[in-house]
1. Separation of segment 14-56 and segment 106-174 by C-alpha centroid, Å?
2. Once label points are set 7 Å from the Cα along Cα→Cβ at both residue 59 and residue 42, what is their separation, rounded to one decimal in nm?
3. Please check: in the Gaussian network model of the chain (C-alpha springs, under 10 Å), which one of 153, 47, 55 has the largest mean-square fluctuation.
4. What nm value, rounded to one decimal, do you get for the distance between residue 4 and residue 197 when each label is placed 7 Å out toward the C-beta?
5. I need the calculated FRET efficiency for the pair residue 66 and residue 30, taking r as the beta carbon distance and R₀ as 25 Å, to the nearest 0.05.
6. Report for the chain the percent antiparallel among DSSP-assigned beta bridges with both residues inside it, nearest 5.
7. Between rounded, prolate and oblate, where does segment 82-196 land on the alpha carbon gyration tensor, with a ≥ b ≥ c its root eigenvalues, rounded for a/c under 1.5, else prolate if a/b exceeds b/c?
8. What does DSSP give for segment 110-224 in terms of the percent of beta bridges that are antiparallel, rounded to the nearest 5?
């Protein structure tokens, strides 16, 4: 039995480790936590976008999760899932586990390329959102899930409430893709709506959604509540954006 809680990252790889399960491991090590991985898919992507992708066999996803039984798991972080069966498989497996779950839906790549068809989006709506302690879509992902435009903070509030009704304990609709001089993230939980505002930075970075989700999972694993986990994760993302480095034409976390 491990002495300290482990954060399990369930998702796909990015060959550059600018996002996905590889980036999660780098961030967790920086935070002083051990990470474990469940490879749910393989992608070939880089500065030019997504070249190819392959979902893992669904029995392989379950077998990897079962192989982690001896670990003291503090939280799960769910990232890119490449088909609807993978989404349903992960949802069923997490229903049998007690640790907090941060679900970050990934429907497209920041450098171009779609990951999620309508069947994947429906599988999130019908199965995986209900497993989430914290669900963290951006405005585009929220819009696909609620089936209306999310273009303003008011839209994001409405979407956060609607997504909360699908069973998540808390929903964070991220405002980075909503126009404006400031970023407004909308956090909905059982206590209501909280608007989290920050000045918009003029720099960009790959993997911001992954970093936010895995940092929130790390904070939950350490015993913090959802609100504190979100605050810590948002601070970490901004800090890493300001110290990002250039790699092959992309800005990535150091």
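1. One Cα centre to the other: 21 Å.
2. Label-label distance for residue 59 and residue 42, simple model: 1.8 nm.
3. Highest fluctuation among the options: 47.
4. 3.8 nm
5. 0.30
6. Rounded to the nearest five, the antiparallel share is 50 percent.
7. Oblate, since a/c reaches 1.5 and b/c is not below a/b.
8. So the antiparallel bridges amount to about 85 percent of the total.
Values in this text are rule-based calculations from the coordinates and carry no lab data. Everything numeric in this text was worked out from a predicted model, so none of it was measured. A quick note on method: Cβ atoms are made from the backbone with ideal geometry, for glycine too, and the neighbour counts reach across all protein chains shown.
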